[in-house]
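Please treat every number below as a calculation from the coordinates, not as lab data. In this text the structure is predicted, and so the values were computed from the model without any measurement. Don't worry about glycine lacking a Cβ; one is built from the backbone with ideal geometry, like all the others, and counts go over all protein chains shown.
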Amino acid sequence: MRESIMIENLSKYYNNFLALDNLSLKVKRNEDVALVGPNGAGKTTALKILCGLLRPSSGTAYINGINVIEERERALSEVGAIVETPEFYPFLTPDETLSYLGRLRGMDGHELKSRINEVLKLIKLDEWADVRIEKFSRGMKQRLALAQAMLHDPPILILDEPTLGLDPRGMVEMREILKEARKEKTVFFASHMLAEVVQVCDKVALIDRGRLLVYDSIAHLKRKYRTSLEGVYLKLTEGAI
Amino acid sequence: MNLEFEKLKIVSKYELLKQFRRKRFYGALVIVILAQILMIGLYKGLDLPTALSKPGLGIIIVDSPELFAIFMVSMTSFAVLAAVFFAGDAIASEFEHKTGYVLFPNPVKRSTLVIGKYLACFLATLVILSVGYVISAIALLGLYQGIPVGILGSLAISIALVFGVLGIAFFFSSLLKGGMGATIATLIIFMVVSPIIRSSLSYTGHEPWFLPDYAGDAVASTYGIDFTKIFGGMISGGGMQGMMTMTPNPVVSFFVLLIYALVTLLVSIWLTKRREMI
């Protein structure tokens, strides 16, 4: 199986509103793909379906060849995800939270402990490991969200606006982490920040009103439209909100 | 199966840790302890057996360990109330406070999460309930030098009641958007809807054995004392007449509560599995 992620004719209705319209997309192993599009384009909906948080109205999705809709738990075993603006249990500390999530993923003992220390250091929350999350800022929670996504060293990262809520330094650090991660992982992430997309990804899937407008490498798109990625985005989404 | 059982233990452990870190756990514990101390003072200070006796009607109520135990265990109903507050937001908060965005994308079945949360809420409530029964037992030993055997049956029904209450709270928690709504809905079922139906049925001579709050009253009917003689006389003509005129059968009540627990928990699992994080 060469595809890490395969989305096939995915549609999703919220009552009468069509959020995804027959979306199909393939992300090959170790590819880094950004899902971009205007507000309400269906980016988060697509990621939520991939993470088993929503059921599609029609179509299906596969992760490493495993149907997410039919075998959610098995499909998600090799995925690390950040979806929307995640919250954590305020009464637990980062160390306890990661320990909980790590154990749910079959990690234990020394391996888990050392990996928790590693990811907390990576996201620069190691000094906050034993502080209850109720005291955390939005940015700190976002860092912790990345820590839990990377905890089990998954081959696939699905990230929804991973730099949201971070201060400028946090954004730079997060991008550096993602740039490092993309060397050996498949990264599929949604973002509004095209400067970030250019730094982290090779390819973009541009969607609007739930439909795929274009899916190509950034370099090829720039050549084809003879403009920056931002120019391509503006041209293709003209008239969108 | 084995792996899922391991995950169930992990979910229960961390959910229990969450419960133990919440102020409401300690609040409920303090309330149960204070309520029981207050009851000891009221029972002995006001000489309740004599106060409840109606010699004119031929009702003479004699003080006994069994009667004292009834009053004491009635105070453990605060522990059952605590269960509602523990469970009301157990599922709903994952959606309402967005913690589900972190929890649900993990390779764990939603049924495991629901059962794990349920067990954690049960264990947290059991701690408070146990403290209530231990205080009752100590008071009985101190005042009467003995503990009526009926206290074991009472404890069993209390545990079944906690299971039932948790099941109903979990049902609402998986159905409604907010934890507060689920908590209020559960309390309304127990404190408004069920008593109204119960009262209406009692007036017409039908025993409301299938109602959860009536079945829960069986915590006091394992001591071999007829409720109707004690409380029926006390509230004659009062607003609660009709509610205390029947004594629930402990065995029937035990199974009624377990059925409530099982059915509502199953429905809660089904609802949670279907629920989307929109």
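Just a few scattered comments:
- If R0 is 30 Å, the Cβ-Cβ spacing of B:Val252 and B:Leu123 corresponds to a FRET efficiency of close to 0.70.
- Qualifying trypsin sites (Lys or Arg not before Pro) in the range A:106-166, DSSP loop, other Cβ atoms within 10 Å at most 15: A:Lys124
- Whichever aspartates and glutamates have a C-alpha closer than 16 Å to that of B:Lys177, once near sequence neighbours (fewer than 8 apart) are set aside: B:Asp89, B:Glu94, B:Glu96, B:Glu276
- Positive-end residue, chain A charge dipole about Cα centroid, Cβ charges, pick of A:Ile69, A:Leu159, A:Leu221: A:Leu221
- Top positive-direction residue, dipole computed over the protein assembly as shown with Cβ charges, set A:Ser99, B:Leu17, B:Val193: A:Ser99
- Beta bridge orientation in the protein assembly as shown: antiparallel %, DSSP, nearest 5: 55 percent
- With the helix formula -39500 (n - 2.57) applied to DSSP H stretches of n ≥ 4, chain B reaches a computed 222 nm mean residue ellipticity of -22000 deg cm²/dmol.
- Most fluctuating residue given options A:Leu101, A:Leu20, A:Leu159, as computed from a GNM of chain A linking Cα atoms under 10 Å: A:Leu101
- Rounded to the nearest 20, the Cβ-based charge dipole of the range B:1-73 about its Cα centre (Lys and Arg +1, Asp and Glu -1) stands at 560 debye.
- Dmax and Rg, reported as Rg then Dmax, of the range B:118-199 (C-alpha, Å): 16.0, 51
- Electrostatic dipole magnitude of the range A:75-193 [Cβ: Lys, Arg +1; Asp, Glu -1; Cα centre; debye, to 20]: 180 debye
- Rel. contact order, % - alpha carbon contacts under 8 angstrom, at least six apart, chain A: 26 percent
- Lys/Arg +1, Asp/Glu -1 at C-beta; chain B dipole; positive extreme among B:Val114, B:Val162, B:Leu129: B:Val114
- Local electrostatic count, A:Asp208, Cβ distance below 14 Å [Lys/Arg +1, Asp/Glu -1]: +2
- Comparing mean-square fluctuations of B:Ile135, B:Ile60, B:Ile157 from a GNM of chain B with C-alpha springs under 10 Å, the top value falls on B:Ile60.
- Cα-centre dipole for the protein assembly as shown with unit charges at Cβ (Lys and Arg positive, Asp and Glu negative), debye to 20: 1060 debye
- Straight-line reach from B:Lys44: taking Cα to Cα under 27 Å and skipping same-chain neighbours fewer than 8 places apart, the lysines in range are B:Lys54, B:Lys229.
- Between the exposed loop cleavage positions of chain A, defined as GluC sites (Glu not before Pro) in a non-H, G, I, E, B DSSP state with at most 15 neighbouring beta-carbon atoms within 10 angstrom, the longest gap is A:72-183.
- A full extension of the chain between A:Glu184 and A:Val131 corresponds to an added length of 15.9 nm, given 0.36 nm per residue minus the alpha carbon distance.
- Reciprocal mean inverse distance between Cα atoms of the protein assembly as shown - Kirkwood radius, Å: 25.9 Å
- If you wrap the tightest convex hull around every Cα atom of chain A and split its volume per residue, you get 128 Å³.
- For the residue pairs A:Lys113/B:Lys23; A:Lys28/B:Lys273; A:Lys26/A:Lys48; A:Lys185/B:Lys117; A:Lys121/A:Lys179; A:Lys179/B:Lys273, the alpha carbons lie more than 24 Å apart in A:Lys113/B:Lys23; A:Lys28/B:Lys273; A:Lys185/B:Lys117; A:Lys179/B:Lys273.
- Within the range A:185-234, the trypsin sites (Lys or Arg not before Pro) that combine a DSSP coil assignment with at most 11 other C-beta atoms in a 10 angstrom radius are A:Arg226.
- Residue-averaged [θ]222 nm for chain A, counting only DSSP H segments that reach four residues, each worth -39500 (n - 2.57): -10500 deg cm²/dmol
- For B:Ile61, distant residues with modelled amide H under 5 Å away: B:Ser53, B:Lys54
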